[in-house]
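Working notes, beginning with the structure itself.
The values are calculated or read from the model by the stated rules, or taken from the named source; none is laboratory data. Note that the structure is predicted; figures quoted are calculated from it, not measured. Please note: Cβ atoms are built from the backbone with ideal geometry, for glycine as well, and neighbour counts cover all protein chains shown. Side chains included, ligands, DNA and RNA excluded: accessible areas come from the protein's heavy atoms. Shrake-Rupley method; radii C 1.70, N 1.55, O 1.52, S 1.80 Å.
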Amino acid sequence: MTDVGSYNYGYDHCMKPFRIRMAHSIITSYGLDKKMAVIRPPRATAQDMTRFHTDDYITYLQRVSPELAEQMPTYNERFLPPMDCPPFDGVYEFCSISAGGSIAGAQRINHGDSDIVINWAGGLHHAKKGEASGFCYVNDIVLAILELLRYHQRVVYLDIDVHHGDGVEEAFYTTDRVMSVSFHQFGNFFPGTGDIKDVGVERGKYYAVNVPLREGIDDETYAF
């Protein structure tokens, strides 16, 4: 966690990986780490990442730097939306740590070593097959689900982030082996997807479940 918390999207960027390190520090300060098995998983390899992502996209993440992006602005914009997903120093290493944690967690479930796993550096649900989106470069969730599907016939994915889990939904939109369920703010709000009418297609029809909520919903309204 200390490693992944050392990366920097940019000082004026609202995504702050050091918050991962802060979360880890709070957990250890309260002694909660003594109540769980803490593992240091291997980093995800390019081969791991291309189980979902395209080869050319992962190759670009391996090569990109702020300097290269300035030299190749058109090529960079193909893969990295310039405002949300900057080509910061160490972006590929950051992604390999994040994705490696989620893959390792899924493997522990598959092998019966754990029944609950948590990756504080994971949950990057907006990343698409061939491009970054919404601060997310590599979709560790999709990679973890693909790992789970090696041992389990079906997986239910529940997303309670304020933003729609578009990257995960899109990855499994045509299959009945993964049901994606997303509760999110909807309307004039990023990423603008997740309508209640979006239910999947082909074999995946009715395996995408969206619960779009208006801004300002409170507990009483939600319960109603």
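Per-structure values
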{"read-out": "Of residues in segment 15-25 being assigned to a loop (DSSP other than H, G, I, E, B) and either over 16 Å from Asn119 (Cβ atoms) or free of Cβ contacts under 8 Å to residues at least 12 places away in the same chain (or both), the one most open to solvent (accessible area, probe 1.4 Å)", "value": "Lys16"}
{"read-out": "Contacts under 9 angstrom Cβ, first residue in segment 119-141 being on the phi > 0 side of the Ramachandran plot, partner open to solvent by 10 Å² or more (accessible area, probe 1.4 Å) and polar (S, T, N, Q), 6 or more apart", "value": "Gly123/Ser102"}
{"read-out": "Boolean, Gly123 is farther than 20 Å from Tyr11 by Cβ and either open to solvent by less than 60 Å² (accessible area, probe 1.4 Å) or among the charged types (D, E, K, R) (or both)", "value": "yes"}
{"read-out": "Matching residues, segment 46-90, being among the hydroxyl-bearing types (Ser, Thr, Tyr), under 13 Å from Ala127 (Cβ atoms) and at pLDDT below 90", "value": "none"}
{"read-out": "Members of segment 39-97 found to be hydroxyl-bearing (Ser, Thr, Tyr) and open to solvent by 10 Å² or more (accessible area, probe 1.4 Å), listed by number", "value": "Thr45, Thr50, Thr54, Thr59, Ser65, Thr74, Tyr75, Tyr92"}
{"read-out": "Scope segment 58-109; condition more than 18 Å from Asp12 (Cα to Cα), of a type in the set (D, E, K, R) and in contact with a Ser or Thr (Cβ under 8 Å, 6 or more places away or on another chain); matching residues", "value": "Arg108"}
{"read-out": "Verdict on Asp12 being open to solvent by 90 Å² or more (accessible area, probe 1.4 Å), assigned to a loop (DSSP other than H, G, I, E, B) and farther than 22 Å from Ile145 by Cβ", "value": "yes"}
